[in-house]
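Q: The structure under discussion is supplied below as structure tokens; questions concerning it will follow.
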Amino acid sequence: MNTSLLKARQTRYVAYATLYILVVLAIVSVGNVLADRYNKSYDSTANKRYSLSEQTAKIVKGLKQDATIAYYDQTGRFQSAKDLLEQYANLSPKIHIQYVDPDKKPDLARQAAIKNYGTAVVQIGSKKEEAKSMTEEGITGAFIRDLKSNTRTVCFITGHGEHQIDDSDRFGYSRFKDLLGKDEYTAKSISLLEKPEIPSDCTVIVIGGPTGEYQQPEVDAIKKYVEDGGRALVMLDPPLKFGRTEISDNPELTTLFESWGVTFEKDLILDLSPIGQLAGLGEEVALVTSYDPHPIVNEIKGSATGFPLSRSLTIKNIGRATVEKLFSSSSTSLATVNLSSPAVNANDPKNLKGPLLIAAAGTYSTGKENSQGRFVALGSSTWVGNSFIRFNGNTDLALNAINWLASDEDLISIRPKEREDRRITMTRAQVNLVQTTSVFLMPLIVIGAGVAVWWRRR
């Protein structure tokens, strides 16, 4: 009787153990199948450095037809590109990845005109574009070139003391030019002095902080360009009358914008907000943290932007022009009309109280079908200079403005973030506290706990 009972128990134990093993094997097998079929990952970095940007996701998820990314390299080196390419495939079922070894399939490599190992080619329909680099910027750039049928050129007007796209100093626009190149825009300088006419290949014109006056024929050329459906980004600094370089009032140019409903006021915004001081900004830098509804700024809400030496704007709808607010300074800001001296009296009754409008976007109805002039006006130009364009959301704002002006709204988004400096800075007292706690206090606690346990057992 006892033997049969023991055998029955052993049988049940064996059955239970077998069942548990089969269940575990089934779970592991299903998990492996799902992991192989669905490649999911989680990026825990603060700025999502190892994830594709929202800009890339917007472009890929918006594809209307299948796209193929063909990667040409030696077989043993395919893995170096898989981590990046599989992220594209995970965004949309329309993305297909091909890995081609030029040594094993030389006919395919010759057909694609592949010259170097480690090359990716993006094909959408019958159009093919080679990625300039095996990075997100390179591959997404190839998608953009495939989707865009024409070359887009941003023309920077020169000849009046504007910021130069080839200058690498702190006030130059060389970084802005590089960022435009990553969004597949061609940047070039033009002058209206010799021939007051905007070249036909200019998708957008940029007037970046002139210190000298524009002549009437130049202003007439800008007026004709925008009112015929052209696009313009205009950044005019306050007409300061002190320092080594005085800034002209530019009456002809400001009068043109007044005819479109934008008035550049003759003042200087000072931001007295303690938030700006915590960020290491002086009073002459207007810090913006809230934005009005508009495609240019909708995607950067939650990001701060800064505008050194800014003037205020006033707007109204007039004639065929419609103008909208983009953002204003904080409620703790003020604007002084004393532009002849660096000394500012914050209690001067002539000061204007914030918030004060800094940027506006407008459209001009040309009366023609599918043709609309667009312009963006800002009261500061150094915010896109080399020393400040990397400040928080300034890069996104600058590129989003160009995207909107060029009617590339599908590209407006948050760009890949730069690597953050997350070092911890401690005072000498804090260093001593950490050292005392880790080297002496914690080991003593462990030793004391051990002695207490030993004493109780004894």
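The values are calculated or read from the model by the stated rules, or taken from the named source; none is laboratory data. Source: prediction; values computed, not measured. When we count neighbours, we look across all protein chains shown, and the Cβ atoms used for this are built from the backbone with ideal geometry, even at glycine.
Q: Among (1) assigned to a strand (DSSP E or B); (2) under 21 Å from the mean Cα position of the chain (by Cα), there is one condition Lys58 misses while meeting the rest; what is its number?
A: (1) is the only condition that Lys58 fails.
Q: Quick check on this structure: which one of Leu240, Leu287 is of a type in the set (A, V, I, L, M, F, W, C), surrounded by fewer than 23 Cβ atoms within 10 Å (Cβ to Cβ) and more than 27 Å from Asp396 (Cα to Cα)?
A: Criteria check complete, one pass: Leu240.
Q: Is it true that Asn392 is surrounded by fewer than 23 Cβ atoms within 10 Å (Cβ to Cβ), assigned by TED's automatic domain parsing to the domain that holds Ile157, in contact with a Lys or Arg (Cβ under 8 Å, 6 or more places away or on another chain) and more than 25 Å from Lys148 (Cβ to Cβ)?
A: Taking the combined requirement at face value, the residue does not satisfy it.
Q: Are there any pairs, at least 6 apart or on different chains, whose C-beta atoms fall under 6 Å, with the first in the range 372-391 and more than 15 Å from Asp169 (Cβ to Cβ) and the second modelled with pLDDT of 95 or more and charged (D, E, K, R), and if so, which?
A: Partner pairs satisfying both residue conditions: Gly373/Glu227; Arg374/Arg231; Gly379/Arg311.
Q: Now, a different point. Confirm whether Ala120 is touching a strand residue (DSSP E or B) at 6+ places or on another chain (Cβ under 9 Å) and either closer than 30 Å to Leu192 by Cα or buried (at least 19 other Cβ atoms within 10 Å of the Cβ) (or both).
A: Criteria met by Ala120.
Q: Return yes when Ala279 is modelled with pLDDT under 95 and within 28 Å of Phe391 (Cα to Cα) and no when it is not.
A: It is true that Ala279 is modelled with pLDDT under 95 and within 28 Å of Phe391 (Cα to Cα).
Q: Exactly one condition in (1) closer than 22 Å to Ala401 by Cα; (2) touching a helix residue (DSSP H, G or I) at 6+ places or on another chain (Cβ under 8 Å); (3) at pLDDT 90 or above is false for Glu299; which is it?
A: Condition not satisfied by Glu299: (3).
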